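Take a look at the structure below.
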Amino acid sequence: DVKVTQSSRYLVKRTGEKVFLECVQDMDHENMFWYRQDPGLGLRLIYFSYDVKMKEKGDIPEGYSVSREKKERFSLILESASTNQTSMYLCASSPSWATNEKLFFGSGTQLSVL
Amino acid sequence: RKEVEQDPGPFNVPEGATVAFNCTYSNSASQSFFWYRQDCRKEPKLLMSVYSSGNEDGRFTAQLNRASQYISLLIRDSKLSDSATYLCVVNENRDDKIIFGKGTRLHILP
């Protein structure tokens, strides 16, 4: 089974802190994604990556950056956390563009920014 | 018009009943369609793909109506374990953009 692992299940940070959310997949998938999920707003794409060192903005990239130095790892960075970034963050991966709809999600990180 | 729309529910359905819900999409060029299931405080997981000819997997049937631009999910003989949020996912034929609906909440009542 594909395993997508997110480093933290719950995280509490203070406004202005730099926050790193880590995601690792073990199936050699090409594509990796970061979403946030908020009540009433559904899943919104922040950033995605097709390959190592490649990144593309999603629908809501403002306030975030990403890093993909290795194929298996995709990191989401909040340069200066703000309270409106309190959310559930979900990482996902998929094998290739031919099957990119078959997303495999990590178990999520519930981030609270105080 | 929103890109992918779902009735948020909740649908409260007695155990054993049949329940169906739809998802409409705005881009007529959309190519592929999926249903994901998300349990409370868990990640979404792929339930089934939706093919033009429709497809069935046990108690679950998915249909695509291109003319009216909607997909449907039918659950027969519903079980308590079917309680979840069901997310409609559409792959628009624009830069392989994947659009998630906001989900339909289903509660199966004992």
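What pairs can you find where one residue is in the range B:18-44 and in contact (Cβ under 8 Å) with a residue 60 or more places away in the chain and within 14 Å of chain A (Cβ to nearest Cβ), the other is part of a loop (DSSP other than H, G, I, E, B) and of a type outside the set (Gly, Ala, Ser), and their Cβ atoms are less than 7 Å apart, with a gap of 6+ or different chains?
From the range B:18-44, the pairs are B:Tyr25/B:Glu3; B:Tyr25/B:Gln69; B:Ser30/B:Asn93; B:Gln31/B:Asn93.
What residue, of B:Ser52, B:Ser30, is crowded, with 18+ Cβ neighbours inside 10 Å and farther than 27 Å from A:Ser107 by Cβ?
Exactly one residue qualifies, and that residue is B:Ser30.
Could you tell me how many of the residues in the range A:4-24 are within 13 Å of chain B (Cβ to nearest Cβ) and part of a strand (DSSP E or B)?
5
Sort through A:Val12, A:Val24, A:Val19, A:Val52 and tell me the only one that's at pLDDT below 95 and of a type in the set (Val, Ile, Thr).
A:Val52
Quick check on B:Ile71: is it within 14 Å of chain A (Cβ to nearest Cβ), more than 16 Å from A:Leu43 (Cα to Cα), in contact (Cβ under 8 Å) with a residue 40 or more places away in the chain and of a type outside the set (Gly, Ala, Ser)?
yes
Just to verify a result, which residue in the range A:86-100, among those that are part of a strand (DSSP E or B) and over 23 Å from B:Val50 (Cα atoms), is nearest to the other protein chains (Cβ to nearest Cβ)?
Only one residue tops the list, namely A:Leu90.
Considering only the range B:12-67, state which residues are touching an Asp or Glu at 6+ places or on another chain (Cβ under 7 Å) and of a type in the set (Val, Ile, Thr).
Answer for the range B:12-67, where residues must be touching an Asp or Glu at 6+ places or on another chain (Cβ under 7 Å) and of a type in the set (Val, Ile, Thr): just B:Thr24.
Return the only residue of A:Ser93, A:Ser112, A:Ser49 being out of contact with any Leu (no Cβ under 8 Å at 6 or more places or on another chain) and either touching a residue at least 60 places away in the same chain (Cβ under 8 Å) or surrounded by 19 or more Cβ atoms within 10 Å (Cβ to Cβ) (or both).
Answer to the check: A:Ser49.
Yes/no per residue for (1) away from chain B (no Cβ under 14 Å); (2) not in a strand (DSSP E or B):
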residue	(1), (2)
A:Arg68	yes, no
A:Ala81	yes, yes
A:Asn84	yes, yes
A:Lys102	no, yes
A:Ser107	no, yes
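The values are calculated or read from the model by the stated rules, or taken from the named source; none is laboratory data. Remember, it's a predicted structure, so these values are computed and weren't measured experimentally. Note: ideal-geometry Cβ built from the backbone for every residue, glycine included; neighbour counts use all protein chains shown.
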